[in-house]
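A quick write-up on the structure given underneath.
The values are calculated or read from the model by the stated rules, or taken from the named source; none is laboratory data. Keep in mind the model is a prediction, meaning the values are calculated, not measured. Cβ sites come from the backbone with ideal geometry, for glycine too, and all protein chains shown count toward neighbours.
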Amino acid sequence: MTPLSQILADPLILAAGLGGLLLLVVGLLIAVLRGNARANEPVIWQMTQLSRAVEGLSRGQEQLAGGLTSVSNAQASTQAQVIQTMETRMAHVQAQMNDRLHENALRSARSLAEMQEKMNEQLRGGSERTTKSLTALQERLKTIDRAQENITRLSGDVLSLQDILSNKQTRGAFGEIQLNDIVSKALPSDSYTVQATLSNGRRADCLIHLPNPPGPIVIDAKFPLESYEALRNARSPEHVARAAQLLRQAVRTHIRAISDRYILDGETADGALMFLPSEAVYAELHANFTDVVREGFDARVWIVSPTTCMATLNTMRAILKDARMREQAGAIRKTLRQLHRDVELVVERVGKLDNHFRQAREDLDGIGTAAERAGKRAARLDNFDFEEISDDAPSLDRLTSSRPRGE
């Protein structure tokens, strides 16, 4: 609180100040009036009356000061009581506040402990989930690394394949290797010959040894890649027509070469196979160049792809199997006749063995009868009974002598 507000708040100080101010005003008026008494006598009378009023006012002020003192004392006492009451209430409120703060602190501590426990559980669960996620991520990264390695290796293989296919000689070797792989998986090793030389001096990529008819058949690998790529890369109608003509001419050249070189009367079958190591080229020919395929049929040259070549070789394997079974039919019949004779000998020997067993049973019966008679004779001798025993039963010598000779 500022000093001016303290002065205004205290009644005694306020009353004393007002009284002093009034006295100063009255003194100034008296001095002014005495200086002008002669000129202003009515005014002097009025001032005298005013002085008396001021004196009365002073006495009233003294009374007021006494009353104000009493009021101030009462106010001080009341203020002391109020302060004491306020202090008591404040102490009570502070105690209540302390209790509530303590309870709030306990509840906050419990809440914090529960929250911390929940946070710990969530952190543990989050840590486990994070660990699992990181493990799964690591596995996926390993899979991606392996896939990247495979892609890198595949890119290298594609580049190597492009290098192989860019050269005509390596491209021919690629077709021969693929043909050899397909034939080796479909047929027995003794049913075909790779790089077989014919009587005209020509060397075939593969010669299948089929029985007559139809006889050995040649499979030759061809790969018209340049003309096919030119057709696929052509954009204008003129370029497409030119590339199609080049592809048609290349395939016709291959068909004529196979027909002239690998179809020999009396040596090979009346036909040959042209192996295309590309399904795309095979599909292009059968889709858009059916006239070339028909020309191949007329020249007895059948165009096959890796898929159709495998199907054709499986048919050839069935033919080879049937031919080999026909070749072995005589040996099978001979073996069956020998087996039948062996069975007859077994039956005959079983009959002889049955006769031996029957004779042995008869001999055992005779031996039993002779033993029984010998026992009876021994018992009579032991009892000194020398009566003569009839000789109706056959003796052991007669039993043994009755066996047929040679058995």
Selected residue (only one of ARG252, ARG256, ARG261 is assigned by TED's automatic domain parsing to the domain that holds CYS309, closer than 20 Å to GLU229 by Cα and basic (Lys, Arg)): ARG252
Residues (within 20 Å of TYR262 (Cβ to Cβ), under 46 Å from the mean Cα position of the chain (by Cα) and surrounded by fewer than 14 Cβ atoms within 10 Å (Cβ to Cβ)) located in region 287-318: THR315
Meets criteria (modelled with pLDDT of 85 or more and surrounded by 13 or more Cβ atoms within 10 Å (Cβ to Cβ)) for ALA204: yes
The lone exception for GLU238 - which of (1) over 30 Å from ASP322 (Cβ atoms); (2) of a type outside the set (Lys, Arg); (3) touching a residue at least 60 places away in the same chain (Cβ under 8 Å) it fails: (3)
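Name the helices (runs of 4 or more DSSP H) wholly inside region 230-344 in which the number of residues that are in contact with an Asp or Glu (Cβ under 8 Å, 6 or more places away or on another chain) is 1 or more.
Working: elements: 237-262, 279-288, 290-298, 306-327.
The helices (runs of 4 or more DSSP H) meeting that bar are 237-262, 306-327.
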Residue match in region 224-236 (condition: within 20 Å of ALA196 (Cα to Cα) and out of contact with any strand residue (DSSP E or B) (no Cβ under 7 Å at 6 or more places or on another chain)): no
Any hit, region 203-216, residues being of a type in the set (D, E, K, R), closer than 24 Å to ARG294 by Cα and in contact with a Leu (Cβ under 8 Å, 6 or more places away or on another chain): yes
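Among SER227, SER184, which is the only one that is hydroxyl-bearing (Ser, Thr, Tyr), farther than 24 Å from ARG252 by Cβ and not in a strand (DSSP E or B)?
Numbers: SER227 fails: farther than 24 Å from ARG252 by Cβ.
The match here is SER184.
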Flag for SER77 being part of a helix (DSSP H, G or I), at pLDDT below 75 and among the polar types (S, T, N, Q): no
Of the criteria (1) modelled with pLDDT of 80 or more; (2) in contact with a helix residue (DSSP H, G or I) (Cβ under 9 Å, 6 or more places away or on another chain), which one ALA374 fails: (1)
